[in-house]
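The values are calculated or read from the model by the stated rules, or taken from the named source; none is laboratory data. Just so it is clear, the structure is predicted and the values come from calculations on it, not from any experiment. Positions of Cβ are generated from backbone atoms using ideal geometry, with glycine treated the same way; all protein chains shown enter the neighbour counts.
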């Protein structure tokens with residue numbers, strides 16, 4: 001009844017810090033897996049993470065075009081995560097009426 005499966009998921013995230021970008025990308029794993037599966041997921045366990053793309057965008061802002069310049073950083077990452085799923089296949093369960 002309980003089975004395991006290893007699969008790869010590609011997710012992306014963005015944020016104002018590197019940590020926020022990675023956290024945003026990793027939080028997209030469960031919705032991506034649920035979109036593709038009709039199974040009941042018990043555990044999602046990441047095994048490996050590969051960085052496919054990582055971008056940093058620096059934007060300089062100034063008050064009234066001259067005063068108080070500051071740099072704003074925006075980060076974007078695209079990850080390929082290998083996960084091991086523990087799931088219950090509800091198609092194998094016999095429901096009584």
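Some notes on this structure:
- Among all positions in the stretch 47-63, there is at least one residue which is surrounded by 10 or more Cβ atoms within 10 Å (Cβ to Cβ), in contact (Cβ under 8 Å) with a residue 24 or more places away in the chain, more than 11 Å from the chain's Cα centre (by Cα) and closer than 20 Å to residue 2 by Cα.
- Condition check for residue 77: more than 19 Å from residue 1 (Cα to Cα) and touching a helix residue (DSSP H, G or I) at 6+ places or on another chain (Cβ under 6 Å): yes
- Number of positions in the stretch 11-41 that are out of contact with any helix residue (DSSP H, G or I) (no Cβ under 8 Å at 6 or more places or on another chain) and within 30 Å of residue 59 (Cβ to Cβ): 16
- Residue check for residue 82: part of a strand (DSSP E or B), closer than 14 Å to residue 6 by Cα, at pLDDT 95 or above and in contact with a strand residue (DSSP E or B) (Cβ under 7 Å, 6 or more places away or on another chain): yes
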